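Taking it in order: structure first as structure tokens, then the write-up.
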Amino acid sequence: MCTTCGCGHGLIQIDGKRLQHSRKPAGAIRYRMPANLPRQTSLKASADYPVHKPDLIDFGSGAAQAHASGMSQARMVKIERDILAKNNLHAEANRCYLTERGIFALNLVSSPGSGKTTLLVQTIAALREEQRMYVIEGDQQTENDAARIRACGISALQINTGKGCHLDAYMVSQGIQRLAVREDSVLFIENVGNLVCPAGFDLGEAHKVVILSVTEGEDKPLKYPDMFRAADLLLLNKCDLLPYLTFDPELAINYACRINPSLRVIQLSALRGEGMSEWIDWIKVGYHQVVTSKKKIENSQHHVD
Amino acid sequence: MHEMSLAENVLQIIEEAAYHQSFTRVKTVWLEIGQLTCVEPEALRFCFDVVMHGSVAQHARLEIIGIPGLGWCKTCMQEVPMATLYAVCSQCGNFELEVLCGDTLRVKELEVE
């Protein structure tokens, strides 16, 4: 069992190659750790402190007897630590890395089959003349999605999570390095199709974008509130099918805004193109904001120098 | 099944504490789980036993402290209970509640020896 994401051991693959499970950077990763966060010390097994090995924590029959009543040395240890702290640490490092380089990263989340990959293919087609873009694809198995993106002439990396149900910030940090994402670009991260787990795992993206297709139920935002709460933008996809369905878009949007009143909503059809220009404009605005932040950071560093 | 990932993270926190605070066995683990987090306590309980197997916390008792959700209604300007993320203000029916409490997910305390 992987020690961070809980996936099957050795099942995470990036472009078909196994991801190292040491959870230590494999190569030279140059992002800075946020200064105000405590550095996590990794636990090294030693003769004194055997760790996570059944034989080394085996109290044996002797030790069990030593714990007879009255002999216990039980004590309380205050911990007070966030269970997701480790992921959040990697996510903040990713965020610093991306912002300092003017890389606008979007984490695309939805249930399977909402049209995320088609949306990406159409988005790339609309932006490719003017924008440098990269894609990280997360799926449990297959390289099909990355292959679809590469066919558009864009660098794409496939992360197979094996039994894992979501991407985590460490996987994405490895992906960013492997893709050699250049400055002033847009990075799309297509998460594993799952409306539950990816909500809890910050990847260091600028925004989570949740995609809901009109072939699903209007009440999905109520059924999966965490995801709609975590997102900044809702794309209501496959709107060209509305004449054939009983789906009420106003009701779905109403439910989503009930979960997250500041949620921005764009109705579109990735396949037919309606509404795509609004989505493209939203990306352009976000990208320019990131580039502006990068320049501000550079200027303040020059100022300090 | 992200409860499995969370249980793995709990184990990492416990192992780091075991290393720094010199204990070799964990008897009880207290986790704070907010009502508004995306965690199902029963699923976490199941994963906890599986993940702790063979570690310093094997056979440890898991105590879950539920933290009730609490929101702030901008219209009524007061705190109101919040059972779900889509809860409405119990006073005025407004949806725009800001979460004050209940989104925590923490290892609070350990009983060790």
Can you name the condition, by its number, that A:ARG182 falls short on among (1) assigned to a loop (DSSP other than H, G, I, E, B); (2) among the basic types (Lys, Arg); (3) within 14 Å of chain B (Cβ to nearest Cβ)?
-> (3)
Unmet criterion (only one of (1) outside any helix (DSSP H, G or I); (2) surrounded by fewer than 18 Cβ atoms within 10 Å (Cβ to Cβ); (3) modelled with pLDDT of 95 or more) for A:SER262 | (3)
Going through region A:95-107 one residue at a time, which ones are farther than 20 Å from A:GLU190 by Cβ and part of a helix (DSSP H, G or I)?
-> A:CYS96, A:THR99, A:GLU100
In the set A:VAL210, A:VAL172, A:VAL181, A:VAL186, the lone residue that is over 18 Å from A:ASP15 (Cβ atoms) and out of contact with any Ser or Thr (no Cβ under 8 Å at 6 or more places or on another chain) is A:VAL186
A:TRP279: passes all of (1) in a helix (DSSP H, G or I); (2) within 14 Å of another protein chain (Cβ to nearest Cβ); (3) surrounded by 20 or more Cβ atoms within 10 Å (Cβ to Cβ) but (2)
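Take B:LEU11 and tell me if it is within 12 Å of another protein chain (Cβ to nearest Cβ) and under 11 Å from the mean Cα position of the chain (by Cα).
Details: within 12 Å of another protein chain (Cβ to nearest Cβ): yes; under 11 Å from the mean Cα position of the chain (by Cα): no.
In short, no.
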Could you tell me whether region A:150-160 includes any residue that is farther than 30 Å from B:TYR86 by Cα, modelled with pLDDT under 90 and within 14 Å of chain B (Cβ to nearest Cβ)?
-> no
When region B:60-105 is examined, which residues are found to be touching a strand residue (DSSP E or B) at 6+ places or on another chain (Cβ under 7 Å), within 14 Å of B:LEU36 (Cβ to Cβ) and at the interface with chain A (Cβ under 10 Å from one of its Cβ atoms)?
-> B:ALA87, B:LEU97, B:GLU98, B:VAL99, B:ASP103, B:THR104, B:LEU105
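With the condition kept exactly as written, say whether any residue in region B:15-29 is among the acidic types (Asp, Glu) and more than 9 Å from chain A (Cβ to nearest Cβ).
Kept after step one, since they are among the acidic types (Asp, Glu), are these residues of region B:15-29: B:15-16.
Narrowing the set further to residues that are more than 9 Å from chain A (Cβ to nearest Cβ) leaves none.
Within region B:15-29 (the criterion being among the acidic types (Asp, Glu) and more than 9 Å from chain A (Cβ to nearest Cβ)), the answer is no, since none of the residues qualifies.
Working carefully through the options A:GLU130, A:GLU80, A:GLU92, find the one that is out of contact with any helix residue (DSSP H, G or I) (no Cβ under 7 Å at 6 or more places or on another chain), within 14 Å of chain B (Cβ to nearest Cβ) and either part of a strand (DSSP E or B) or not β-branched (Val, Ile, Thr) (or both). Lay out the reasoning, then the answer.
Details: A:GLU130 fails: within 14 Å of chain B (Cβ to nearest Cβ); A:GLU92 fails: within 14 Å of chain B (Cβ to nearest Cβ).
Only one candidate passes the filter, namely A:GLU80.
Restricting attention to region B:52-59, does a residue exist that is more than 23 Å from A:ASN194 (Cβ to Cβ), in contact (Cβ under 8 Å) with a residue 12 or more places away in the chain, aliphatic (A, V, I, L, M) and at the interface with another protein chain (Cβ under 7 Å from one of its Cβ atoms)? Steps first, answer last, please.
Let us first name the residues in region B:52-59 that are more than 23 Å from A:ASN194 (Cβ to Cβ), namely B:52-59.
From the residues that got through so far, the ones that are in contact (Cβ under 8 Å) with a residue 12 or more places away in the chain too are B:52, B:55-57.
If we keep only those that are aliphatic (A, V, I, L, M) as well, we get B:52, B:56-57.
Those left that are additionally at the interface with another protein chain (Cβ under 7 Å from one of its Cβ atoms): B:56.
Yes, region B:52-59 contains at least one residue that is more than 23 Å from A:ASN194 (Cβ to Cβ), in contact (Cβ under 8 Å) with a residue 12 or more places away in the chain, aliphatic (A, V, I, L, M) and at the interface with another protein chain (Cβ under 7 Å from one of its Cβ atoms).
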Within the group B:ALA43, B:ALA7, B:ALA57, which residue is under 22 Å from A:LEU222 (Cα atoms) and surrounded by 15 or more Cβ atoms within 10 Å (Cβ to Cβ)?
-> B:ALA43
Are any of the residues in region B:34-45 of a type in the set (Gly, Ala, Ser) and at pLDDT below 90?
-> yes
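Could you identify the single residue in A:ASP226, A:ASP145 that is away from chain B (no Cβ under 14 Å), part of a helix (DSSP H, G or I) and of a type in the set (Asp, Glu)?
A:ASP145
Given the residues A:ASP82, A:ASP58, A:ASP48, which is the only one that is at pLDDT 85 or above and not β-branched (Val, Ile, Thr)?
Numbers: A:ASP58 fails: at pLDDT 85 or above; A:ASP48 fails: at pLDDT 85 or above.
A:ASP82 is the lone residue from the list that is at pLDDT 85 or above and not β-branched (Val, Ile, Thr).
The values are calculated or read from the model by the stated rules, or taken from the named source; none is laboratory data. The structure presented is a predicted model; accordingly, all values stated were derived computationally and were not measured. Heads up, the Cβs are rebuilt from the backbone with ideal geometry, glycines too, and the neighbour counts pull from every protein chain shown.
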